[in-house]
Each structure stands twice: as structure tokens, then as C-alpha cells.
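Encoded as C-alpha cells, the structure appears first; notes follow it.
The values are calculated or read from the model by the stated rules, or taken from the named source; none is laboratory data. Not measured: the values here are computed from a predicted model. With ideal geometry, Cβ positions are generated from the backbone for all residues, glycine too; neighbour counts draw on all protein chains shown. Just the protein is used for accessible areas: all its heavy atoms, side chains included, with ligands, DNA and RNA removed. Shrake-Rupley method; radii C 1.70, N 1.55, O 1.52, S 1.80 Å.
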Amino acid sequence: MTELRVCGLVPTFDNPRTIREVVNQVRAHIPDVIVVDDGSADPGRIEVEALARDGLARVLRRSRNGGKGAAVKDGLRFAAELGFTHCLQIDADGQHEAGDIPRLLDASRTRPDALILGQPVFDGSAPSLRRKARLISRFLTDLQTGKRVIQDPLCGFRVYPVQAAIGVEGCGDRMDFDIEIAVRMIWHGCPVVNVPTLVRYMTAAEGGVSHFRMVRDNLLISWAHTKLCAGALARLMTGRPLRPA
Ligand SMILES: Nc1nc2c(ncn2[C@@H]2O[C@H](COP(=O)(O)OP(=O)(O)OP(=O)(O)O)[C@@H](O)[C@H]2O)c(=O)[nH]1
Ligand SMILES: [Mg+2]
């Protein structure tokens, strides 16, 4: 297996109650963690500053909120500047099973050229509307890549090969990003490995918070799928592959 230079990458926007725990969970497996604070209000900002002060994470702060995609793009570029070859990206809302980090990293060591995607296994806590919407998104990514390559295009728990990821242009800045980067990396020839992992929605009392904006983010996702379907058609018409052989 290949040795990776891997860092954790945690984009955060107003997750004051969960961000420290998530960073600590990542650090149990990966010593270097980059947190990108996407213009959080005071409680989230103060918590992230404390992480930097305590030496737990390198922090990038975006002065204005720009969206998850913008935050991850900044983090990937920063990771490249620091010489990391791979980024394990995990959302800051505590939904993902950090105990599965070694499984994602093993998959990445086995296929260092691949994008490693978490494949959510939901318990009863996930809103059914969100689960159904994911199936629609997956149907569309099946079309865009010509078959089922991506098990879940929206999961915020993945390992990016850094250079391959930053070489991909044209991805959206908000919740459209997760879908677009995955499909466009595949178009660029990047293989995908899907790793099943439990996803649990925390209750508000536990500090769980979603910033997914139903109207805005669903419109952006719909637009991203429209562009990707048109792109797939253009690739087919010009003889370019939809996925690596
Ligand atoms: N929504 C949102 N999240 C951001 C933004 N910037 C960074 N993030 C981070 O991106 C991650 C995903 O955000 P969530 O709000 O959980 O989005 P989601 O997981 O698609 O939505 P849920 O399924 O409702 O949890 C979290 O770590 C956020 O803190 C932003 O502008 N908006
Ligand atoms: Mg979430």
C-alpha cells in the first residue's frame, strides 16, 4: 500500500457545538487538520479560533460566507501548498462516523489515484425527503457517468487526491459542489471507490444543525445536474468517455 501525505479537511459554517469534537475525532487518525471557517458568526468563529490557539487545527478563515464548495476549494489549495497528497474531508456537523476514517484511508492507500466516497447507511434519524432527493441525484449521476459509479453524490465524507481535485474546474461554490466535483473528476479519468458508512442526524439538543437551504440549494443542485447532463451529452457526441475504463 502507498504511504499518503494526508490531512483532514473540515469546512464549517456555524457549527459551534460540534466542530471541536469532529476535529478531535479526525485527529485520532490524522495528526494534521485544516479547518476552513466559512464566515461563521461569533459563536462558531470563536470556537474555531480556540482550535487554532490550542494547536488542534490549521485554520483558514473566509471573511464572508461563500458556501461549502468555496470552503473545500480553499482547503484543497491550502493542502496542496502544504504538500499534502490527499485530503480526508468530513463535515463539521457530527453526522459522519469518524470511526470509519481508517476504512476510507485504507481504500485511499490501496487506490491513491481514486476519489474515495462515503456511501451513507442511514439510520432512522435521516429526514425521508433528504433521502429521496439523494436517490434522484444518484439517478442523474448514473446518467452523467454512464452507469452507477457514484453511490451517493452528496456525502460529505470522502478522500480527495489533492492534485486531481484541484485540477478540476467549473464546480459550484455551495451544495452543488459535492456532486459536480465527483462527476467532473470521473470525467477527468479518476476512479471511484465507495465505502459504506453510517450517517446519523443529530438532534438540535445534541448540537445538530443543518444549513442546507431547501430552495436555494435545491435550485443550485438542479442547475448543476442540468449542466452535467448537457456536459455528458457533449462528451458522448464528441467520443469522450464518461468514466475511466
Ligand atoms: N450549508 C452550508 N454548509 C457550509 C457552508 N460553508 C461551509 N459549510 C459546511 O459544509 C458542511 C455540510 O453542511 P450541512 O449544512 O450539514 O449540509 P448537508 O450535510 O448537505 O445537509 P444535511 O443533510 O441537512 O446535514 C458542514 O460542515 C458545514 O459547516 C455554507 O455556506 N452552507
Ligand atoms: Mg450535514
Inset, instruction - State yes or no: is residue 172 surrounded by 14 or more Cβ atoms within 10 Å (Cβ to Cβ), in contact with a helix residue (DSSP H, G or I) (Cβ under 7 Å, 6 or more places away or on another chain) and not in a helix (DSSP H, G or I)? - result: yes
Legend entry - Filter pass, residue 61 being touching a residue at least 40 places away in the same chain (Cβ under 8 Å), charged (D, E, K, R) and in contact with a Ser or Thr (Cβ under 9 Å, 6 or more places away or on another chain): no
Legend entry - Qualifying residue in the stretch 200-222 (condition: touching a residue at least 60 places away in the same chain (Cβ under 8 Å) and more than 16 Å from ligand 1 (Cβ to nearest atom)): no
Legend entry - Unmet criterion (only one of (1) open to solvent by less than 50 Å² (accessible area, probe 1.4 Å); (2) closer than 21 Å to residue 98 by Cα; (3) part of a loop (DSSP other than H, G, I, E, B)) for residue 159: (3)
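Suppose we filter the stretch 75-120 for residues that are more than 15 Å from residue 4 (Cβ to Cβ), part of a helix (DSSP H, G or I) and either open to solvent by 30 Å² or more (accessible area, probe 1.4 Å) or not charged (D, E, K, R) (or both); how many remain?
Counting residues in the stretch 75-120 that are more than 15 Å from residue 4 (Cβ to Cβ), part of a helix (DSSP H, G or I) and either open to solvent by 30 Å² or more (accessible area, probe 1.4 Å) or not charged (D, E, K, R) (or both) gives 6.
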Inset, instruction - Return yes when residue 11 is modelled with pLDDT of 95 or more and open to solvent by 60 Å² or more (accessible area, probe 1.4 Å) and no when it is not. - result: no
Legend entry - Any hit, the stretch 31-53, residues being touching a residue at least 60 places away in the same chain (Cβ under 8 Å), open to solvent by 10 Å² or more (accessible area, probe 1.4 Å) and more than 16 Å from ligand 2 (Cβ to nearest atom): no
Inset, instruction - Look through the stretch 198-231, keep the residues that are in contact with a strand residue (DSSP E or B) (Cβ under 9 Å, 6 or more places away or on another chain) and within 13 Å of ligand 2 (Cβ to nearest atom), and return whichever of them is least open to solvent (accessible area, probe 1.4 Å). - result: 199
Inset, instruction - Restricting attention to the stretch 131-153, report how many residues are in contact (Cβ under 8 Å) with a residue 60 or more places away in the chain, open to solvent by 10 Å² or more (accessible area, probe 1.4 Å) and within 16 Å of ligand 1 (Cβ to nearest atom). - result: 1
Legend entry - Enumerated strands (runs of 3 or more DSSP E) restricted to the stretch 1-74, each holding at least 2 residues that are among the basic types (Lys, Arg): 58-62
